[in-house]
1. Quick one: how many residues across segment 123-140 are open to solvent by 20 Å² or more (accessible area, probe 1.4 Å) and not charged (D, E, K, R)?
2. Restricting the search to segment 158-178, which residues are farther than 27 Å from Asn52 by Cα and open to solvent by less than 60 Å² (accessible area, probe 1.4 Å)?
3. Mind checking which residues of segment 30-52 are closer than 17 Å to Phe104 by Cβ, open to solvent by 20 Å² or more (accessible area, probe 1.4 Å) and either touching a residue at least 24 places away in the same chain (Cβ under 8 Å) or in contact with a strand residue (DSSP E or B) (Cβ under 8 Å, 6 or more places away or on another chain) (or both)?
4. Considering only residues that are free of Cβ contacts under 8 Å to residues at least 12 places away in the same chain and closer than 15 Å to Asp69 by Cβ, which ones fall in segment 8-29?
5. Does any residue of segment 95-105 turn out to be open to solvent by 60 Å² or more (accessible area, probe 1.4 Å) and under 19 Å from the mean Cα position of the chain (by Cα)?
6. Based on this model, can you work out whether Leu18 counts as open to solvent by less than 40 Å² (accessible area, probe 1.4 Å) and over 20 Å from Gly98 (Cβ atoms)?
7. Tell me which of these Ser108 doesn't satisfy, since it passes every other one: (1) surrounded by 17 or more Cβ atoms within 10 Å (Cβ to Cβ); (2) more than 15 Å from the chain's Cα centre (by Cα).
8. If I filter segment 81-90 for residues that are under 16 Å from the mean Cα position of the chain (by Cα), within 26 Å of Glu166 (Cβ to Cβ), open to solvent by less than 20 Å² (accessible area, probe 1.4 Å) and modelled with pLDDT of 95 or more, do I get at least one hit?
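The values are calculated or read from the model by the stated rules, or taken from the named source; none is laboratory data. The model shown is predicted, which means the values in this text are computed figures rather than measured ones. Reconstructed Cβ throughout: ideal geometry from the backbone, glycine too, with neighbour counts over all protein chains shown. Surface areas here come from the heavy atoms of the whole protein model, side chains and all, with no ligands, DNA or RNA. Shrake-Rupley method; radii C 1.70, N 1.55, O 1.52, S 1.80 Å.
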Amino acid sequence: RLGIWSAKDGSTRYYKSLMYEFALYLNDLFDRQIICNSLSFENCLSNINNQNLGSPPTIRFEGYDVSLDYLLGLEEFAFCSDVLIKSDTVCEIGAGFGRTCHTFLSLSNIKNYTIIDLPEVLALAKAYLSQVLNKEDFNKIAFLSADSYESIGDFDLAINIDSLQEMPIEIGNAYLEL
């Protein structure tokens, strides 16, 4: 039996065990600090509807199926929660398909959420968010092409999760200056 065992596993067991450990960490984080009106991790999981559109790999945690994307979204929510309590307007630079927007709009009282991205990615975010959000929350979103970002106006919180490192340095600097 030992002779046929291999350390390389073709399944998703290791990936899912890491996701589960991350969920345990986030659950503990939410228990230890006051996050957006004392929302529990379980309440957050239950308030984000339609998070498995597209059938991503998920784990079962506290009775909910959750993917790595939404675990990351909840980590971002926890990180920004002190500011989100006081924020009416959020600007996200490089939103991808929109998981952070979906998470934030599902768990806070944001009135306006602007997404700035490349036109092709905006089309993806618009299609995804129109299916996972209710009409009221979807109507809070403005989709702005990256080439017209200077027209954004004022906002309470600006976020970028993973795209500044993908941009030419002069574009990243322009966003930071804005």
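1. Total meeting the criteria: 9.
2. Met167, Gly172, Ala174, Tyr175
3. Within segment 30-52, Asn37, Leu39, Ser46, Asn47, Asn49, Asn50 meet the criteria.
4. Leu18
5. no
6. no
7. So Ser108 meets the others, but not (2).
8. Within segment 81-90, one or more residues are under 16 Å from the mean Cα position of the chain (by Cα), within 26 Å of Glu166 (Cβ to Cβ), open to solvent by less than 20 Å² (accessible area, probe 1.4 Å) and modelled with pLDDT of 95 or more.
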